[in-house]
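Each value in this text was obtained by applying a stated rule to the coordinates, not by laboratory testing. It should be emphasised that the depicted structure is a prediction, and the values quoted were computed from it without experimental measurement. All Cβ positions, glycine included, derive from the backbone under ideal geometry; neighbour counts span all protein chains shown.
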Number of protein chains: 4
Amino acid sequence: MKRLIGVFVAMFLFVSAFSQSGGKVSDNLLMTSKILKMDRKYAIYLPADYETSDRSYPVLYLLHGAGDDQTGWVQFGEVKSIADKAIQEGKCTAMIIVMPDGDTGQRGYFNSPKGDWNYEDFFFQELMPYVEKTYRIRTHKRYRAIAGLSMGGGGTFMYALHHPELFSAACTLSAYAGPISLEEAATRWEKQYPGISKDEQAKYFTRHSALELIKNMPDDQKKSVRWYIDCGDDDFLYEGNSLIHIAMRKKEIPHEFRIRDGAHNWTYWREALPTVLEFVSQGFHQY
Amino acid sequence: MKRLIGVFVAMFLFVSAFSQSGGKVSDNLLMTSKILKMDRKYAIYLPADYETSDRSYPVLYLLHGAGDDQTGWVQFGEVKSIADKAIQEGKCTAMIIVMPDGDTGQRGYFNSPKGDWNYEDFFFQELMPYVEKTYRIRTHKRYRAIAGLSMGGGGTFMYALHHPELFSAACTLSAYAGPISLEEAATRWEKQYPGISKDEQAKYFTRHSALELIKNMPDDQKKSVRWYIDCGDDDFLYEGNSLIHIAMRKKEIPHEFRIRDGAHNWTYWREALPTVLEFVSQGFHQY
Amino acid sequence: MKRLIGVFVAMFLFVSAFSQSGGKVSDNLLMTSKILKMDRKYAIYLPADYETSDRSYPVLYLLHGAGDDQTGWVQFGEVKSIADKAIQEGKCTAMIIVMPDGDTGQRGYFNSPKGDWNYEDFFFQELMPYVEKTYRIRTHKRYRAIAGLSMGGGGTFMYALHHPELFSAACTLSAYAGPISLEEAATRWEKQYPGISKDEQAKYFTRHSALELIKNMPDDQKKSVRWYIDCGDDDFLYEGNSLIHIAMRKKEIPHEFRIRDGAHNWTYWREALPTVLEFVSQGFHQY
Amino acid sequence: MKRLIGVFVAMFLFVSAFSQSGGKVSDNLLMTSKILKMDRKYAIYLPADYETSDRSYPVLYLLHGAGDDQTGWVQFGEVKSIADKAIQEGKCTAMIIVMPDGDTGQRGYFNSPKGDWNYEDFFFQELMPYVEKTYRIRTHKRYRAIAGLSMGGGGTFMYALHHPELFSAACTLSAYAGPISLEEAATRWEKQYPGISKDEQAKYFTRHSALELIKNMPDDQKKSVRWYIDCGDDDFLYEGNSLIHIAMRKKEIPHEFRIRDGAHNWTYWREALPTVLEFVSQGFHQY
């Protein structure tokens, strides 16, 4: 009888393992970058039916914040349980979520002013092609979205503003959207990139200030990305986000904007994630 | 027989509890104003137990928008069913809601620059004393709050900024918060108040721009009013409200700020009202 | 002890009577018509807070079908429980619902071709003024709507097409919308109104065929009434309603149109009533 | 020990029941067409127990709209999650869903007038036999249904009207049902098929106008297909669908007809799909 009980327990565990319908997360995968001359980590979420079906999926690139790595959205962001639930309830479509590590070596998602650390090049020339080849990802712009929090919100702004031809939707959460003015940037950059000239600063500013990129956006680009911008009323990044809302309204760039109750923390971002998944899905789905 | 009387009493209380169909609304009441030299209309919400109890209540002054009158919050705003529900569910405390007509004769809640239409004086010297005498209203600042939408959000800003000693909470919905700059104001005021001098404009601006009043707020006033500010991301009044958020953050004036999905319409304001009632109640209640 | 039980029972009935929160229905009221030279019956629904509040309400005129009378919507249509529920759940605003008897004397809601039975005149010159004076009804067009089923759907079409200046919304359920063609009308009218000439037929047709009135609607009238038109796929009146949908689309007259699963019966109409109340409320409320 | 084996078997069944994460979708399969002289793509949905059971299934052919391909119902239509849910909840029976690509080469589901592009022949002579041989599909008419949206609704009309002996049910969503009149068709076809004669137009019209085919339907065919026809009240294809409803009612052809709130978009079609699956299942199941 004891053995029988043991069998029951074993079966129960087996059932539990199998019966968890839901997606699969890996948080410590590697790929090689020639541009950055090193291996780079990434995490990935594959939806529940990825193994059993034979179809391609839309993709969301989901960027973490400063001081974190590719495990942030997995561990702190609960990406698996939140995405599983949203898919099961029909709030979003099944999608692949790619979470690259933006923090090894040098911090951040951009090319440095001196061209000695070209993470943005790595993202578009190596990471994106690599995952889109390795996994069954749909490669048309319509099926590609990007989102991120804090520094990753900044990455989201820059990538979608630099490459509106590549993303159907972009969602920034509590984003650091780059410097608001060149003056503000100067002090920081002189420390961060010693020897940077005034000319280089000005050039770098036009490409790495979301506010500046929005103010100079060509008319034919205004509707090419669906924007969702969210920042808590107690967040220290309130000013940049509020000014971006004003700038987008004045330029008549369609965007959803939310200020909810909250600050710069994972509670805020976990609450935001279901809406992000639903928002990007509306584009993947069509209306 | 005594027991039988006890049964009757118990049953009566039971009946009272059940038979109450919520608060009572009147939307066409009159009072006389010496200041404005006319009769003025107002609407009032008295909570469900007003008739049967003998206590005093906190008061919320609830201001309508331009082009509307004292019936706006009753008919379009569903103040009765929303307040009934919030009180019954314990989301807010029982309170009296006073809705004055801000639109008869001349539009708006303020004194005119020339002093020929002194609605703000009427509000503080006549309306407030009148309703606080006529109804069982608690008259301590702690139990007095103000809220309003659009032009009434402007009234809310000015009244609570001019008289922080009178209101414990102020809630502005989609507020027109007065001119952002003196330049913006000049053109409008020259049409609206013919003959207004540059000096009068400057003086009027310092008293009727919420942004200006916030920037110049004395330190000891910063925590005297609990602020709740809400404006839709599609509202045409996005700029003033966003700049007020930035200004309040920079001055470290505590405030709740929300940007929800929506525009300048009653759907937005009906959705906001339960939160307004809950927010002002937190002050009436104490924490 | 028996007496005590008797008291309990009496109290229970008393409690039950009082504790039913909800509106009040009367279904056998009388008013005198000079135009029709007789007393006419009507039924009325007054919302739950009508007795305790002191405000005015929007009004819905709700017309019964052929062979029925003013009690139809009360008895078969469950107007009280459906309106109570919709108001309590916040799906519609509190409103007064007036249900006139369209069947005493001669059947129908219109003036007869010979002018010897002028029910439509009675409706606009006597009934409407009478109820709007007798009850606390808001008299601006914005707060007046009309709806009806079958023959009452026909009344709804004609009244709102003849008087777009009087109704903000019109809802027709399984409507008999008048003759589709003059030929179709001729045979019927020659029986119904013996001695009617070809000229009189043509004139009567232009005023009593919804299709004809829609095709000839002046441009400036197209958006003056919000339309909701609903007819089951098994209803014998399918053709008129489908042709009206086509005609309204071709004239670009905004309207909601529904074909649901069902036939010409009260199950269909009871299912429709909550949507009708919600639809007319959207206008009473503003968005 | 026998009891232990019994327990294992019971647990295995339990595990199987729980571990199934729904059906399997492939969206990029190929077959060769001699008729069209090219490879053709198709997508397929196999129900959850397809791999583990050894039975045959009913089949639904599900057609996409113009400008789309075989992935449309997979990506935008969410066919997997909707079918999984409907099957799990017992709303429909397990079935195979075949989604052919109707857009490569030349657009549409029909033979061209000149006979140089015979897609309809391909469908019946190659695709249907191929999938019914390749997958465990029941081949009796009772177990075969067809549905489609827009241009695919047109395909559904034509295939089921041309071959009522092959389909037990046909569901058209927002269908383009072919030309309403020969005059309407003429202009279009003269552009689309240069050199088409008046005679060829007339002949093509009798075979490719759903309205015409319905009006000329022989009596003994009226009940051979169960029809479900659905089109939004804001759809630009309102006229053809409404006229088909009228024509079917006049010919006494049994059919379900719905006009729901909505337009020509995927939101409408995703909402329709569960009803389509339930409707065709009622025939697969029998009542």
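Under a point-charge model restricted to the Cβ atoms of Lys and Arg (+1) and Asp and Glu (-1), what is the dipole moment magnitude of the protein assembly as shown relative to its Cα centre, in debye to the nearest 20?
1880
Can you list, shortest first in nanometers, how far B:Lys203 lies from the same residue in the other copies, with each label 7 Å from Cα toward Cβ?
5.7, 7.1, 9.4
Pick out which of B:Pro47, B:Pro274, B:Pro194 has the largest mean-square fluctuation in a Gaussian network model of chain B, springs linking Cα atoms closer than 10 Å.
B:Pro194
For segment D:25-72 and segment A:72-148, what is the separation of their C-alpha centers, rounded to whole Å?
What the calculation gives is 31 Å, centre to centre.
Do any GluC sites (Glu not before Pro) in segment D:108-173 lie in a loop, going by DSSP, with at most 15 other beta-carbon atoms within 10 Å of their beta carbon, and if so which?
Hits after loop and neighbour filter: D:Glu165.
Given only helices, namely DSSP H runs of n ≥ 4 each adding -39500 (n - 2.57), what is the per-residue ellipticity at 222 nm of chain B, to the nearest 500 deg cm²/dmol?
-12000 deg cm²/dmol
Report P(r) for segment C:183-287: all Cα-Cα distances, bin width 5 Å, range 0 to the bin holding the largest distance, values in whole percent.
2, 10, 17, 16, 17, 18, 12, 6, 2, 0, 0
Which distances, shortest first and in nm, link C:Lys250 to the matching position in the other copies, using label points set 7 Å out along Cα to C-beta?
Inter-copy label distances (nm, one decimal, shortest first): 1.4, 5.1, 6.2.
Determine, for C:Trp73, B:Trp117, the number of other Cβ atoms within 10 Å of each Cβ, and report the residues in order from fewest to most.
In increasing order of surrounding Cβ atoms, one gets B:Trp117, C:Trp73.
Please report Rg (one decimal) and Dmax (integer) in Å for the Cα set of segment D:187-249.
Expressed in Å, the Cα Rg and Dmax of segment D:187-249 come to 14.5, 39.
At a Cα cut-off below 16 Å, give the aspartates and glutamates reachable from C:Lys222, other chains included and same-chain residues fewer than 8 away excluded.
Partners within reach: C:Glu165, C:Glu212, C:Glu252, C:Glu256.
Seen from all sides and averaged, what is the projected area of the convex hull of the Cα atoms in segment B:46-167, in nm²?
7.8
If contacts are Cα pairs under 8 angstrom and at least 6 residues apart, what is the relative contact order of chain B in percent?
So the answer I get is 17 percent.
Across the residues of D:74-81, average count of Cβ atoms on other protein chains within 10 Å?
6
For segment B:23-284, report the % of Cα-Cα distances exceeding 24 Å.
Roughly 45 percent, once rounded to a whole number.
Taking the Cα centre of segment C:23-284 as origin, work out the dipole magnitude from +1 charges on Lys and Arg Cβ and -1 charges on Asp and Glu Cβ, in debye rounded to 20.
Taking the Cα centre of segment C:23-284 as origin, the dipole is about 660 debye.
So what's the protein assembly as shown giving for Rg/Rh, alpha carbon basis, Kirkwood Rh from the mean inverse pair distance?
1.00
How high is the relative contact order of segment C:41-193, in percent, with contacts defined as C-alpha pairs under 8 Å that are six or more residues apart?
Taking the mean separation of contacting Cα pairs over the length of segment C:41-193, I get 26 percent.
Count the DSSP beta bridges whose two residues both fall in chain B, then state the antiparallel fraction as a percent rounded to the nearest 5.
Beta bridges within chain B, antiparallel portion: roughly 35 percent.
Among D:Gly108, D:Gly77, D:Tyr119, which residue has its Cα positioned farthest towards the positive end of the charge dipole of segment D:73-133, with +1 placed on the Cβ of Lys and Arg, -1 on the Cβ of Asp and Glu, and the dipole taken about the Cα centre?
D:Gly77
Which lysines, if any, have their Cα less than 16 Å from the Cα of A:Lys203, not counting same-chain residues under 8 positions apart?
Partners within reach: A:Lys114, A:Lys215.
How many Cβ atoms of partner chains, on average, are near each residue of B:21-27 if near means within 10 Å of its Cβ?
Mean shielding by partner chains, rounded to a whole number: 6.
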